[in-house]
Amino acid sequence: MTSQTKPILHSYFRSSCSWRVRIAFALKGIDYDQVPVNLIKDGGLQHTEQYKAVNPMQQVPALQIDGLTLSQSLAMIEYIDETRPGPRLLPDDPKERAQVRMISDLIASGIQPLQNLYVIQKCGTDKVQWAQHFISRGFEGLEQILKQTAGKYCVGDEISMADICLVPQVYNAERFKVDMEKYPTIKMINQTLVEVEAFRASHPSCQPDTPDDLRA
């Protein structure tokens, strides 16, 4: 049994971690409320006492659902998958499920944190070069893994949590001018996924807190 109260997602329009959860909700067809947390305004609203009471790590996203407050995007996605009907976001097959988790962790732990806002702000004048280095380093390994696991999507021919992680990371790579021609498998999968309605509807360009000059 799940709560009839709508989940509440505390998020920032351009946060790739927040985008992952928006994609999961969209794929499942779940209605939810968004509470914007501007990571830049007034030094970052994630640092307020009010938000720290929601997420002591002072990061987005945070998800209030079924009486729980969750603060890591992959934990949120797995909880949504385990408690809500709709397309499975992790495969039934244990080997494929392990591959999905491997790719998701590679992106969520091995690539994205090294070019998130907090880290980039500590890099001084070398922000772009720093981000390019760590994204490219991660994509070199990911490209080789996907050559072994991919079908139409990251693992076989069904959309999974791995794809949910991939698209926001490619968006970040493009923002930092990473040459995607070096990673043809990543590029091919991403091009397929960005045409899927759930990925389009959850895109940073069309969120409640998207600035007018960045709206599609």
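Please treat every number below as a calculation from the coordinates, not as lab data. Remember, it's a predicted structure, so these values are computed and weren't measured experimentally. Cβ atoms come from the backbone with ideal geometry, glycine included; neighbour counts cover every protein chain shown.
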Exercise. Which of the trypsin sites (Lys or Arg not before Pro) found in the stretch 78-133 are in a DSSP loop and have at most 14 neighbouring Cβ atoms, other than their own, within 10 Å?
Worked result: K122
Seminar exercise, completed: Honestly the stretch 133-208 on the Cα gyration tensor test (a ≥ b ≥ c root eigenvalues; a/c under 1.5 rounded, otherwise a/b vs b/c for prolate or oblate) is just oblate
Seminar exercise, completed: For the Q121, R84 Cβ pair and Förster radius 35 Å, calculated FRET efficiency rounded to 0.05 is 0.50
Problem set entry | Calculated Rg and Dmax of the stretch 59-137 using C-alpha coordinates, Å | 15.9, 47
Problem set entry | Rg ratio (alpha-carbon, reference 2.2 N^0.38 Å) - the stretch 87-127 | 1.68
For this session: Please list the non-local residues whose amide H lies under 5 Å from the amide H of A150, H modeled 1.01 Å from N, same-chain partners needing a gap of 5 or more.
Result: G156
Problem set entry | Cα-based equivalent ellipsoid of the chain: semi-axis lengths in Å, sorted from largest, via gyration tensor | 25, 23, 15
For this session: Could you give me the radius of gyration and the Dmax of the stretch 1-92, taking only the C-alpha atoms into account and expressing both in angstrom?
Result: 13.2, 45
Seminar exercise, completed: Scoring only Lys, Arg, Asp and Glu (+1, +1, -1, -1) among other residues with Cβ under 13 Å from the Cβ of Q115 yields +4
Exercise. DSSP loop GluC sites (Glu not before Pro) in the stretch 128-196 with at most 12 other Cβ atoms within 10 Å of their Cβ, which ones?
Worked result: E195
Exercise. What does the charge add up to near V60, with Lys and Arg as +1, Asp and Glu as -1, over the other residues with Cβ less than 15 Å from its Cβ?
Worked result: +3
Exercise. For the stretch 71-124 and the stretch 154-216, what is the separation of their Cα centres, given in Å?
Worked result: 14 Å
